[in-house]
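The values are calculated or read from the model by the stated rules, or taken from the named source; none is laboratory data. Bear in mind the structure is a predicted one, so any value in this text is a computation, not a measurement. Cβ atoms come from the backbone with ideal geometry, glycine included; neighbour counts cover every protein chain shown. The protein model used for the area step is the full one, side chains on, heavy atoms only, and it has no ligands, DNA or RNA in it. Shrake-Rupley method; radii C 1.70, N 1.55, O 1.52, S 1.80 Å.
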Amino acid sequence: YDNEKPAHRVKLDEFWIGKYEVSNAEYRRLDASHKSIHDRDDQPVNRVDWNQANAFCERQDGRLPTEAEWEYTARGRDGRKYPWGDDPPNRTRAVFEIQDAKDNPQEPEAVTSHPDGKGPFGTLHQAGNVWEWVADCFGPYPKSDSVLVNPRDETADCRERVLRGGSFLSRPGKLRSAVRWNWAQPGLPLRVFGFRCVRSVSRQP
């Protein structure tokens, strides 16, 4: 899509990222009152807006990943099309919707499921299950021949935040690791929105 261009070079500091999406059980340890639409303990927390996701990560001594960190984790050094590689999505790798299929999922699955879809660094469900909030405001990628160091698009009047990765309602084409959901307002909680957290290396216990 146009909003994935232009390709650009990025250099990132080391970081730790959650192997799993934050689950309902994990989220409720800090907010016992939260009710997700899909509410099993092992499912990814959902119906959370950007502000809630950001606050949760900060209370965990972490933060939301930047777009660059999220995409690097999903694509690796070899620039994979999907977290598992370049082969197309299937039911063993990801939770997603196929047009006219009779077995389309009605909800996300456990955050620890689908190990065949793991990314180059061992993360699960960076394709499908729930869209994941990232730190950045939405904006066009910069046109630059220089290497961008730890890029993050952040403005005081940010009206849209980026989500990445696709959901259980996404078609296969939306599961590519470069795809950006580009219009979600920070205060919008939907049943297809979840997240995972990162920590700087210096903060990891």
Fill in: Number of positions in region 94-105 that are in contact (Cβ under 8 Å) with a residue 60 or more places away in the chain and either exposed (fewer than 13 other Cβ atoms within 10 Å of the Cβ) or touching a Gly at 6+ places or on another chain (Cβ under 8 Å) (or both)
4
Worksheet item: Does residue 177 satisfy the criteria of being modelled with pLDDT of 95 or more, closer than 25 Å to residue 79 by Cβ, out of contact with any His (no Cβ under 6 Å at 6 or more places or on another chain) and not aliphatic (A, V, I, L, M)?
Response: yes
Fill in: Test for residue 149: is it touching a residue at least 40 places away in the same chain (Cβ under 8 Å) and open to solvent by 60 Å² or more (accessible area, probe 1.4 Å)
yes
Fill in: Selection status of residue 162, touching a helix residue (DSSP H, G or I) at 6+ places or on another chain (Cβ under 8 Å) and not charged (D, E, K, R)
yes
Worksheet item: closer than 18 Å to residue 111 by Cβ and touching a residue at least 40 places away in the same chain (Cβ under 8 Å) - does that describe any residue in region 3-16?
Response: yes
Worksheet item: Just one of 145, 87, 103, 136 is in contact with a strand residue (DSSP E or B) (Cβ under 9 Å, 6 or more places away or on another chain) and among the acidic types (Asp, Glu); which is it?
Response: 136
Practice prompt. Identify, by number, the condition in (1) open to solvent by less than 10 Å² (accessible area, probe 1.4 Å); (2) in contact (Cβ under 8 Å) with a residue 60 or more places away in the chain; (3) in contact with a Gly (Cβ under 6 Å, 6 or more places away or on another chain) that residue 128 doesn't meet.
Written response: (2)
Discussion item. Filter region 149-205 down to the residues that are under 22 Å from residue 61 (Cα atoms) and acidic (Asp, Glu) and list them by number.
Written reply: 153, 154
Practice prompt. Answer yes if at least one residue in region 1-8 is exposed (fewer than 13 other Cβ atoms within 10 Å of the Cβ), within 30 Å of residue 139 (Cα to Cα) and aromatic (Phe, Trp, Tyr), and no otherwise.
Written response: yes
Item to complete: Please find, within region 54-93, the residue that is farthest from residue 122 (Cα to Cα) out of those that are crowded, with 19+ Cβ neighbours inside 10 Å and either at pLDDT below 95 or among the acidic types (Asp, Glu) (or both).
Response: 67
